[in-house]
């Protein structure tokens with residue numbers, strides 16, 4: 001499995017389902033992943049931007065994983081779910097044992113894709129369910145792993161259907177943990193949901209951030225005032241609408257700088273800047289360093 005976002009470099013570590021298992025899914029232990037990386041000379045700490053989903057769970061030890069330049073401590077019964085397009089940097093695998101589940105967007109059932117909003121770019125990365133939710137997730141993952149490595153015991157089509165249903169169970173439970181003491185990224189998972197105004201604004205920013213950074217343009221598109229959008233962003237995200245837009249632009253700039261060798265001028269053009277100079281000034285003001293300095297630092301980062 002080596003699909004990745006259009007225009008992106010190779011994701012670094014390639015997932016490949018064994019013979020007899022359906023394309024689009026792999027379940028691999030961290031021990032096997034370490035061995036594969038060594039055999040292929042792959043640097044898991046280098047920035048990767050795979051075009052498929054990855055769900056990581058740790059059974060023993062701990063692992064510090066960086067997703068979109070934010071570090072996450074993955075410990076026992078923690079679940080780290082990275083979506084296509086996010087930049088991932090692995091920490092030291094020597095101190096952890098667990099399982100990685102990698103799957104393509106179109107592998108889960110259509111109903112599951114809709115229910116969990118599978119490719120939601122704003123979904124939580126780290127979940128730490130408690131109580132019965134933690135137990136249910138362990139059982140679901142163990143069943144999926146067992147069936148994945150049982151190729152040949154069922155006809156290929158039946159085996160694929162079983163794996164699809166078991167993956168559906170896992171992602172549904174992970175997206176909707178039922179434990180009352182569940183934690184999500186260290187916060188209360190029962191927080192008030194964002195307003196419809198903010199959700200519309202956020203979705204439009206995701207679609208148009210490379211075309212406009214003006215709050216007034218989003219207000220015009222959505223039929224709100226700029227003041228309404230800023231109030232909605234402040235209530236939901238703790239920052240104003242302009243800051244929300246700028247952070248999305250900077251995130252994409254960081255992803256491109258970290259994971260590709262594109263020149264700053266090319267990145268500037270992709271993000272809608274009139275010149276590389278304007279992009280460099282914008283990036284420096286908001287990221288605290290020039291674009292190329294950021295690229296050098298993140299590629300040399302050791303967790």
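None of the figures in this text is laboratory data; all of them are computed from the coordinates on show. As the structure is a computational prediction, the values presented were derived from the model and not from experiment. A quick note on method: Cβ atoms are made from the backbone with ideal geometry, for glycine too, and the neighbour counts reach across all protein chains shown.
Each helix, a run of at least 4 DSSP H residues, gives -39500 (n - 2.57); summed and divided by the residues of the chain, these come to -14000 deg cm²/dmol at 222 nm.
If you run the Gaussian network model on the chain, springs between alpha carbon atoms under 10 Å, then out of 127, 153, 138 the most flexible one is 153. Mark the label point 7 Å from the Cα of residue 165 along Cα→Cβ and return the residues of region 111-125 whose backbone N is within less than 20 Å of it. 111-116, by backbone N distance to the label point. Taking R0 as 51 Å, what FRET efficiency do you get between residue 150 and residue 199 from their Cβ-Cβ distance, rounded to the nearest 0.05? After rounding, the FRET efficiency stands at 0.80.
Look at the Cα gyration tensor of region 249-303: its axes a ≥ b ≥ c give a/c of at least 1.5 with a/b over b/c, and that counts as prolate. Prolate is the label for region 196-299, because the ratio a/c of its alpha-carbon gyration tensor axes (a ≥ b ≥ c) is 1.5 or higher and a/b is greater than b/c.
Please compute the contact order of the chain in relative form: average sequence separation of alpha-carbon pairs under 8 Å and at least six residues apart, divided by the residue count, as a percent. Provide the component values of the computation, followed by the final result.
On the way: 479 pairs, mean separation 47.0, N = 303.
Relative contact order of the chain: 16 percent.
Going by the alpha-carbon gyration tensor, a ≥ b ≥ c the square roots of its eigenvalues, is region 25-188 rounded (a/c under 1.5) or, if a/c is not under 1.5, prolate (a/b greater than b/c) versus oblate? Note, shape of region 25-188 comes out rounded.
What FRET efficiency comes out for residue 265 versus residue 135 if R0 is 41 angstrom and r is the Cβ-Cβ distance? Round to the nearest 0.05. Mind showing how you got there, number by number?
Values: r = 53 Å, r/R0 = 1.29.
Result of the calculation: an efficiency of 0.20.
As a proxy for reagent exposure, 209, 103 were ordered by neighbouring Cβ count within 10 angstrom, fewest first; the result is 209, 103.
Mind checking the full-extension length gain between residue 296 and residue 143? Use 0.36 nm per residue of separation minus the Cα-Cα distance, one decimal, nm. Before the final figure, lay out each step's value.
Working: separation 153, 0.36 × 153 = 55.08 nm, distance 4.22 nm.
Net length gain for the segment: 50.9 nm.
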